[in-house]
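The values are calculated or read from the model by the stated rules, or taken from the named source; none is laboratory data. Just so we're clear, the structure is a prediction, and the values are computed from it rather than from any experiment. Using ideal geometry, Cβ is built from the backbone for each residue, glycine included, and neighbour counts are taken over all protein chains shown. The area values use the complete protein model at the heavy-atom level, side chains included, leaving out ligands, DNA and RNA. Shrake-Rupley method; radii C 1.70, N 1.55, O 1.52, S 1.80 Å.
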Amino acid sequence: MKLGRAALGLLLLAPLARAVEPISLGLALAGVLTSYISYPRLYCLFAECCNHKRSLRREELQRDLDRKLFGQHLAKKVILNALTGFISNPKPKKPLTLSMHGWTGTGKNFASKIIAENLYEGGLSSHFVHLFVATLHFPHASNLTLYKDQLQLWIRGNVSACARSIFIFDEMDKMHAGLIDAIKPFLDYYDHVDGVSYQKAIFIFLSNAGAERITDVALDFWRSGRRREEIKLRDMEPALSVSAFNNKNSGFWHSSLIDRNLIDYFVPFLPLEYKHLKMCVRVEMQARGYDVDEDIVTRVADEMTFFPKDEKVFSDKGCKTVFTKLDYYYDD
């Protein structure tokens, strides 16, 4: 009876922990979980368990990327190969670290969502996937020291509970410089840090920094009549790391994560063209259970704005506002 009440208590604590994530209840919940570590099978009947995560299948990940991420051949290739290679390695030497760069609406958040969904049934809602938004969780520069301590405690506690934890840092271009360096020891080539191994964890950074460089390369290819699919990672990755490192408005400004080569891939997300917006509209229609109406698809895409001013090649908001514009045509 006592154990049954404890299991029920854990069920009640789980949604509360998510509501105040990422800092407040971390240590308290970790203590409760530790108390019942002797009963893992029973606990896993009532709550999500780290060892019950999904088995990553390359074919399913490839299918999700192809169906949901448009105009991003470089990002899809990097994510597919990096993630499957990392997960299949029983003894990685360091955590997998991806830094995704590009304008708003190009698919960075969507790509992180796909990764989470392919590793955990709950996706972004999983207890083992942790999202930090710079302007929400770390708003005040005056609290930088406090944020560093909290961030280290949260990551240490969650990796201790689940080695395959995923940490996503959004709005890196708005993060206070120096804060992200607090996690540098966790990303380095150490077997253990204070008794905890971080080698199976995954860290994903999302940023607008470097988007100008990505656009310049994509525009050069377009003006020369070359297909965007001909763009190679080597055309962008070195410039992206330098751009993020030297950008004073970026959380990576002079960061030891870049200086010590701890980021495995700088992943460019190309600006989207008119045809990609139409793909986004079609997928959203299908997701809402509507038949695809090509007339509405065209009308929604035509309402978007494009740049450069004269050539109008790329959407200035990507697919971000496509979904709200679609609401106008299905206003019940």
Radius of gyration and Dmax over the Cα atoms of segment 58-269, both given in Å: 16.8, 55
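Just how large is the dipole of the chain about the Cα centre, in debye to the nearest 20, putting +1 at every Lys and Arg Cβ and -1 at every Asp and Glu Cβ?
For this selection, approximately 1040 debye.
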How tilted is helix 144-161 with respect to the longest principal axis of the chain? Cα atoms for both, answer in degrees (0 to 90, nearest 10). 70
Charge context of M304, other residues only, Cβ under 11 angstrom, K/R +1, D/E -1: +2
I'd like the orientation of helix 274-287 relative to the chain: the angle between its Cα long axis and the longest Cα principal axis, in ° from 0 to 90, rounded to 10. 50
Two-site label geometry, A47 and E60: point separation in nm, points 7 Å out along Cα→Cβ: 2.4
Cα centre as origin, Lys/Arg/Asp/Glu Cβ charges: segment 256-320 dipole, Debye: 160
From the backbone phi of segment 76-90, what are the Karplus-calculated ³J(HN,Hα) couplings (6.51 cos²θ - 1.76 cosθ + 1.60, θ = phi - 60°) in whole Hz, Gly and Pro given as x? 4, 5, 5, 4, 4, 6, 5, 5, 5, x, 5, 5, 7, 8, x
Rg and Dmax of segment 274-328 over Cα atoms: what are they, in angstrom? 11.1, 37
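Report the convex hull volume per residue for segment 79-137, counting only C-alpha atoms, in Å³. Please report the intermediate quantities before stating the final value.
Working: hull volume 7.0 nm³, N = 59.
Taking only Cα atoms, segment 79-137 has a hull volume of 119 Å³ per residue.
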Which percent of the accessible heavy-atom area of segment 167-251 goes to carbon and sulfur, probe 1.4 angstrom? 45
Alpha carbon convex hull of segment 162-296, volume per residue in cubic angstrom: 156
Quickly work out the W222-to-R164 label distance, labels modelled 7 Å from Cα along the C-beta direction, and quote it in nm with one decimal. 4.0
With axes computed from alpha carbons, what is the tilt in degrees of helix 237-246 against the longest principal axis of the chain, rounded to the nearest 10 within 0 to 90? 70
Separation between the Y330 and K248 pseudo-spin-labels, each 7 Å from Cα along Cα→Cβ, expressed in nm? 4.7
Magnitude of the Cβ-charge dipole of segment 172-264, K/R +1 and D/E -1, about the Cα centre, nearest 20 debye? 320
Output ordering of 286-298, 156-168, 196-208 (per-residue mean of other Cβ within 10 Å, highest first) is 196-208, 156-168, 286-298
